Each structure stands twice: as C-alpha cells, then as structure tokens.
Amino acid sequence: MDEAVETTVDPACLQEPPLALDMLMQLDVFGICLYSMLSFMSFVTLLLYLEQCVYIYKKVSYPKKTTIIWISGAAPVIATMACCGMWVPRAVMITDMTSNCYFAVVVYKVLVLLVEELGGTSDFLQRFSGKPFRINTGPCCCCCACFPHVPMSWRMLFLLKLGAIQYAILKTVLSILSVILWTNGTFNLADLEITGATIWINPFIGVLTVISLWPVGIIFMNTNILMRSLKIIPKYAMYQLILILSQLQTSIINILALNGSIACAPPLSSQARGSMLSQQIMIMEMFIISLVTRSLYRRMYDPLPSEEHDNEQNNKAALKAALEEHDV
C-alpha cells in the first residue's frame with residue numbers, strides 16, 4: 001500500500017515580496033556585506049557617470065554630447081534601478097520598467113550617434129545618398145541573403161529613424177499601462193492565461209524590440225568600416241551586451257523562477273528570489289560595463305575626414321601605385 005507523502009509549503013513562499021524593513025531585519029552577516037558591496041558598486045557607477053557627464057558637456061560639441069550622455073548612461077541607470085529593486089523588493093516591477101524605458105531611448109540614440117559621427121543628417125546623406133545599403137542584417141533578416149540592396153535616401157533614413165524611435169515611444173506607453181494594470185491586480189508576470197494582460201503585452205513589446213534593433217543594425221553594418229578610428233565597434237558591442245543582459249538574461253531568470261527552478265527562500269518566494277538574484281547580478285555586470293564604456297566615451301578625437309578627402313587620398317594612392325609599376 002502506497003504511503004501518502006505530505007509536503008508542507010512555507011507560507012512565505014506564497015506571499016508577496018517582503019517590505020524593505022522586513023527584508024533588512026532578516027539579513028545575516030553575509031547578506032549585509034553583500035548588500036553593502038553591491039550598493040557601493042552602484043554608487044560608484046553613478047558617481048563616475050556624473051563626472052563623465054560634466055567632462056563630455058564641457059569638451060564635446062552639441063548635439064553629439066547629449067547623445068553620448070544618453071548612451072553612456074545606460075549601465076549606470078540600470079545599476080541604480082537594480083539597487084533600488086534590491087533594497088525594495090516590492091518595487092521591482094517599477095524599477096525594471098524604468099530601466100527598460102531608458103534603454104528603449106538608448107536604442108534610438110545609438111542610431112543617432114552613428115549618423116552624427118559621420119557629420120550629421122545632411123553630411124550623412126551627402127556622403128551616402130544613392131549608395132546601396134545592405135538590409136539583410138540582424139535581428140530580423142540576417143539569413144535573408146536574397147534581399148536586394150536599397151539605395152540610401154532621405155526617405156530611407158527617415159524610415160530607419162522611425163523604426164528605432166517607435167520602440168522608445170511605445171515601450172514607455174505600454175510600461176505606464178502595465179504599471180496601472182499592475183496596481184489594479186490585472187498585470188501579473190505569473191499569469192500566463194490567454195485572458196491575462198501579460199500574455200498580450202510582453203510578446204508585443206518583444207516584436208517592437210526586434211523591429212527597433214533592425215534599423216540600428218543596418219546603419220552599423222554599412223558604415224562601421226569608416227568609423228573604426230572612433231572605436232565604434234567596441235561601443236556597439238557594449239550596447240549589444242547591455243541589451244542581452246538587461247533583456248534576455250532577466251527574462252531567462254524570470255522564466256526559471258516561474259517554473260519553480262529557483263527555490264523559495266523565506267521571506268522571498270520563488271519569483272521574488274529570482275527577481276532579487278537578477279538585480280544583484282545586474283549591478284555587478286553594469287559596474288564592469290560602465291568602466292569599459294567610460295574608457296570608450298570619455299575621450300577627445302578628431303572628426304572623420306570628408307568624402308572628398310577620402311577620394312583624394314584614394315586617387316593619390318592609385319597614382320603612386322601606377323608610377324611605381326611604371327618604374328618597374
């Protein structure tokens with residue numbers, strides 16, 4: 001005869017995340033040291049960013065300086081919001097959405113930076129107008145080699161900017177809507193029913209994210225060779241890394257928590273503990289990224305040469321090669 005095995009679940013595993021004071025009172029020595037270290041890392045990240053903003057504001061001309069300040073602030077803002085979410089577990093919903101809304105603007109600002117590094121919209125169109133641009137880039141069409149090259153034009157550039165800025169606008173609107181529904185108890189990440197708001201809002205935001213990343217990839221893949229002296233490749237790599245860590249990594253941890261793969265640890269439920277782990281890991285990652293980003297953006301560099309200068313240099317090189325061949 002089979003014996004029935006009774007399992008008991010701690011009531012804290014079924015409750016909401018604890019209040020900040022309750023969480024603080026239950027920390028042991030290791031927890032206090034961990035919280036202190038992560039808070040210090042977040043504070044240093046924010047402090048270095050503020051100093052960098054002052055430097056860029058004084059040394060870089062407008063409008064490039066505002067774009068650089070926005071982009072270089074991605075890691076400090078995410079680290080600061082993650083620190084707030086770590087200390088106030090019930091505010092994770094708001095802190096995560098604040099970070100995501102800020103990064104949605106950064107996606108558009110990266111595209112703007114690529115154009116501004118080439119002289120701005122007018123110089124960019126003067127240099128590339130009529131030239132074919134590859135559009136079979138990630139994340140949408142990296143495998144579609146049959147896609148034709150599209151000539152660059154004012155209309156093409158406008159559509160690329162529109163594709164990037166729509167994410168910043170719609171992400172903010174949907175985040176505000178999600179917070180409103182969350183306060184009403186309608187929006188819940190654990191509710192995956194077809195009648196719930198989560199199953200409709202989150203996939204739609206994912207589609208908007210993919211659409212916004214495509215224009216940035218198109219501009220980068222067609223112009224990065226001209227901007228290697230400006231370290232544009234590591235700058236773009238840092239932007240991609242922040243995207244992966246803040247979006248994909250967080251989503252994976254949340255899914256594991258919803259499935260119960262992350263064990264409950266009173267006073268934190270499985271889902272709350274997953275969010276807590278995500279915040280703590282994010283602070284350490286953003287601290288390292290902010291140091292790398294600081295070394296990339298806190299510097300002065302000469303502007304790129306014009307297209308006429310490039311053509312002149314190419315003509316001189318061709319003439320020199322022809323003369324050497326004739327002498328031989």
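The values are calculated or read from the model by the stated rules, or taken from the named source; none is laboratory data. Since the model is a prediction, treat every value here as computed from it, not as a measurement. Note: ideal-geometry Cβ built from the backbone for every residue, glycine included; neighbour counts use all protein chains shown.
Annotations
- Within the range 58-82, being surrounded by fewer than 20 Cβ atoms within 10 Å (Cβ to Cβ) and under 30 Å from Gln279 (Cβ atoms) holds for Thr66, Ile69, Trp70.
- Helices (runs of 4 or more DSSP H) wholly inside the range 18-123 containing at least 2 residues that are under 21 Å from the mean Cα position of the chain (by Cα): 29-59, 64-72, 74-87, 92-117
- Subset of the range 178-219 (residues that are crowded, with 19+ Cβ neighbours inside 10 Å, more than 21 Å from Ala237 (Cα to Cα) and not hydrophobic (A, V, I, L, M, F, W, C)): Ser178
- Of the helices (runs of 4 or more DSSP H) contained entirely in the range 172-288, those carrying at least 2 residues that are over 20 Å from the mean Cα position of the chain (by Cα) and without any contact (Cβ under 8 Å) to a residue 60 or more places away in the chain fall at 198-223, 250-258.
- Among the residues making up the range 134-174, those that are modelled with pLDDT of 90 or more and farther than 26 Å from Glu116 by Cβ are Val173, Leu174.
- Taken over the range 100-136, the residue count meeting the criterion of being buried (at least 22 other Cβ atoms within 10 Å of the Cβ) and of a type in the set (Ser, Thr, Tyr) is 1.
- Any hit, the range 250-273, residues being out of contact with any helix residue (DSSP H, G or I) (no Cβ under 7 Å at 6 or more places or on another chain), of a type in the set (Ser, Thr, Tyr) and exposed (fewer than 15 other Cβ atoms within 10 Å of the Cβ): yes
- Filtering the range 203-212 for residues that are over 20 Å from Val77 (Cβ atoms), touching a Pro at 6+ places or on another chain (Cβ under 7 Å) and at pLDDT below 90 leaves a non-empty set.
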